[in-house]
Amino acid sequence: MATACGPCRFGQYRLLHRIILNRKGYKDLIILSPSSINSYQGLPEPLRKKLWDCFVIGDLLFKAGCKLRPYEQEKGSVDRVLEKAVLRLEEAFEKGKSPEDIFAQAIKELKAIKIAPKRKPLVGVVGEIYVRSNPFTNDHLIRKIEEFGGEAWLAPLSEWFFYTTYLQRFRSQQRFKNFWAKGASIVRNRFLKSVEEKYFEIAREILADRKEPEIEEIISAGARYLPVNFEGEAILTIGRAIKFIEQGAQLVVNCAPFGCMPGTASSAIFQELSSIYQVPLISIFYDGKPGLNERLRVVIENLSEKL
């Protein structure tokens, strides 16, 4: 599945897959390659809707874990509830059952966990979608933030999908070719927001103060520094960092792969934002070396002393 680093790299990967499969004797094997250009509508709609349930539920459970785990009085209690919920959700999706009741039960169990009243520095996490979301790739950044005494708030995967639908609407306003096909495509994306709202309402008791800003708000904030037609994750990184600060984050971390152009552009703009908002904004370019997250330790510890 293509992410923020663009259709060029996506096309190269697809070609490489084709070459490898042909060499292995699988010339007749079809490659399904959904693209962000049309919000992944190359997938069958029933599958696309089921995947969206997975993404939204996963985002919300992960967010709940990040909010509660730093304050749990019994170490490991949050992770135990989440692990059990994931297993039950996997079984439900495999059998074609609705995940709604299982999700609601997980939220109920999370809400019952005893947490300490003490607050910790809130750390927003933005950046390249895959790197910020994959623990192995970012050297377990979220757990390191918690180890250093902070509370992490990761920009969710759903942000990228809302962005792709926004771009569809934006392009349709800029170009008037095949207007009806674009209109039908936009209609097919309407379910995304309603599904997110449905599951958020279930989790509201825990996540009322962790609601994501609308994608239009994020892009509007980022557009002060980058044009909308620049496209890619840079405008999201900048816009979401600003919204994180507005929502109370005392530190924002920008995750990027080594040598990433959007990450480099974001890192440069972060210097100005840090001066304007008087909040530390740190970019980390992950290249596979361990220990890169250690630079956050002293920052989070200093923030903790001020609470």
Size of electric dipole in region 201-268: Cβ of Lys, Arg +1 and of Asp, Glu -1, about Cα centre, debye, nearest 20 = 240 debye
Give the shape of region 207-307 as rounded, prolate or oblate, defined through the alpha-carbon gyration tensor: a ≥ b ≥ c are the square roots of its eigenvalues, a/c under 1.5 means rounded, and otherwise the shape is prolate if a/b is larger than b/c and oblate if not.
-> oblate
Student exercise, region 1-158 dipole from Lys, Arg, Asp, Glu Cβ charges, in Debye to nearest 20 = 220 debye
Sequence-distant residues sharing a close amide H with S35 (under 5 Å, placed H) | Y40, Q41, G42
Report the charge-dipole magnitude of the chain in Debye, nearest 20, computed about the Cα centre from +1 at each Lys and Arg Cβ and -1 at each Asp and Glu Cβ.
-> 780 debye
By average Cβ neighbour count within 10 Å, what is the ranking of 231-241, 148-158, 209-219 from highest down?
-> 231-241, 148-158, 209-219
Rounded, prolate or oblate: which fits region 35-103, taking a ≥ b ≥ c as square roots of the Cα gyration tensor eigenvalues, rounded meaning a/c under 1.5, else prolate when a/b beats b/c?
-> oblate
Say we join alpha carbon atoms closer than 10 Å with springs in a Gaussian network model of the chain; which of V252, V86, V125 then has the biggest fluctuation?
-> V86
Links that overshoot a 31 Å alpha carbon limit, given the list K27/K97; K114/K144; K120/K198; K114/K289; K198/K289 | K27/K97; K114/K289; K198/K289
If you average the sequence gap of Cα pairs under 8 Å that are 6 or more apart and divide by the length of the chain, what percent do you get for the contact order?
-> 21 percent
Output the Kirkwood hydrodynamic radius of the chain, Cα pairs only, in Å rounded to one decimal.
-> 20.8 Å
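Each value in this text was obtained by applying a stated rule to the coordinates, not by laboratory testing. Values in this document were obtained by computation on a predicted structure and should not be read as measured data. We place every Cβ from the backbone using ideal geometry, glycine too, and count neighbours over all the protein chains shown.
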